[in-house]
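Have a look at the structure below before the remarks.
Bear in mind these aren't lab numbers, they're just calculated from the coordinates by the rules spelled out. Note that the structure is a prediction, hence the values are computed from the model and not measured. Glycine also receives a Cβ, built like all others from the backbone with ideal geometry; neighbour counts cover every protein chain displayed.
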Amino acid sequence: MADREPGAFDLLVERYQERAYRIAWSIVRDREDAKDCAQEAFIRLHEAAGSFAGQSKFSTWFYRILVNCCLDNRRRGRGWRRLLGWRDAADDEREDDPIERHPAPMEDPGERVDEDRQLSRLWAAVDALSPRQRAVVLLQCREGLATKEIAEVLEMSEPTVRVHLHRAFTTLRKRVGTTP
Amino acid sequence: MTGPSPSIPHPVERLLPYWRGELAAAEAAAVAAHLESCADCRATLAAFTAIAGRLERAPDPTPPVHWGAFRAELREALEARTGRRRSARSWRLGALPAALAAGLAALVLYLAIPGQNGVPNGRGPAGENAAVDNAALASQLDLITDLDVVQRLDLLEDFDVIGRLDRLEPTGKS
């Protein structure tokens, strides 16, 4: 890609960098790891640009590369956690992993208004979801992807995405209530 | 949950796709019919859509990043990666011609020594032509940088000359 159009890759990075970082952060929940994953995704994209056959939307293809980078990162991290004696999350379905409970690095709402407190609770609840459920929720609600696109990105079937979505929203509902 | 439609069980996993308009017409109609008669599913859908709406409107919670630095780091990583690959490729591509060049140079040298291995000693026209051809070929292949020296390879008959080859005058004034 860069060999043929030197400016195209830079343009693409500028266009996707924020989304890439945001999605990466939603999965790995660490600023530096998220940056690394987003950068690695761009590098893999650069290397694999010729293999994009256009069967899916470019963004879907790129998100899939990105999510794979993030899951690779998590697998490596899990190895370290196991080595350090932490209880392993075993799988993305479990929600009691201490890593998953790590609070989002957002500002303490403190004395803020109710809306801020509710949002804070909502994000904390999202943080506590498994990475896969979190990815499904955020890809849908923040990135606006349809269920079919999420299925392509995460390489799972549409019914599986629906199950993840339903479980995630049921959990969120329990934790934050239903106040609109 | 209470009050399911007689036709389908609670379509809990299809509520959000229904709300997003992603279901096929028949499936959407079935969910709509169920919602008409099921207060629990209506409450669930209302709660889910409220949460989805809040998530959509909420400010971005990701920690800030300096995008200039992000791109600079990416560029460095990319250059490092492509540079490593290029050097590995050039080593692979470069090693073969170098080996071929060395082999060919040795062959040229060997063949050019008159009287060796049944090759004419270079005194006759055929021998002279072969030596010149070899040398010319070698020069074309950039194997020999000082053609003058090589063209006078008949001197190599003399072991004294061979012994001081490194001191041989490039212009052939040995």
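Per 5 Å bin, what percent of the C-alpha pairs of the stretch A:139-180 does each bin hold, from zero upward?
6, 23, 25, 22, 14, 8, 2
Simple spin-label model, 7 Å along Cα-to-Cβ: A:ASP114 to A:ASP72 in nm?
The answer from the label model is 4.8 nm.
Once you put a point 7 Å from the Cα of B:ALA25 and another 7 Å from the Cα of B:ALA43, both along the Cβ direction, what distance in nm separates them?
3.5
Please find the FRET efficiency linking B:ARG81 to A:GLU18, where r is the Cβ-Cβ separation and R0 is fixed at 30 Å, and quote it to the nearest 0.05.
Working from the Cβ atoms, E equals 0.85.
What distance in nm separates the two pseudo spin-label positions at A:PHE52 and A:ALA124, each 7 Å out from Cα along the beta-carbon direction?
The two pseudo-label positions are separated by 4.1 nm.
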